[in-house]
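Notes follow once the structure below has been shown.
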Amino acid sequence: MIDDALAYECNSCTATDVTEGILLCHACRRWYRITDSLPILLPDHLRDKDSDVNFLLKHRLEIDKDILEAWFPFHL
């Protein structure tokens with residue numbers, strides 16, 4: 001049986017709250033932004049192009065150039 005205190009320590013050290021970021025699907029070469037800790041997993045036709053492009057512009061120094069220039073649904 002695992003000690004509850006040990007399990008808690010492990011969970012607390014591996015738990016991460018991503019408030020802003022990007023999820024990548026390498027199979028379809030799509031990216032999804034994370035905003036306010038929520039992944040925005042909408043189909044392309046429901047995504048807000050202006051918000052997505054502004055996200056890419058804001059994080060362009062942190063995101064791989066290939067994603068910025070060629071991944072779907074929007075790129076720079």
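Each reported figure results from applying straightforward, stated rules to the coordinates on display, with no laboratory input. From a predicted model like this one, the values you see are computed outputs, not experimental measurements.
Values computed for the structure shown
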| item | result |
| --- | --- |
| Added length on full extension, which subtracts the Cα-Cα distance from 0.36 nm per residue, ASP66 to ALA27 | 12.6 nm |
| Shape call, segment 18-70: gyration tensor on alpha carbons, a/c limit 1.5 | rounded |
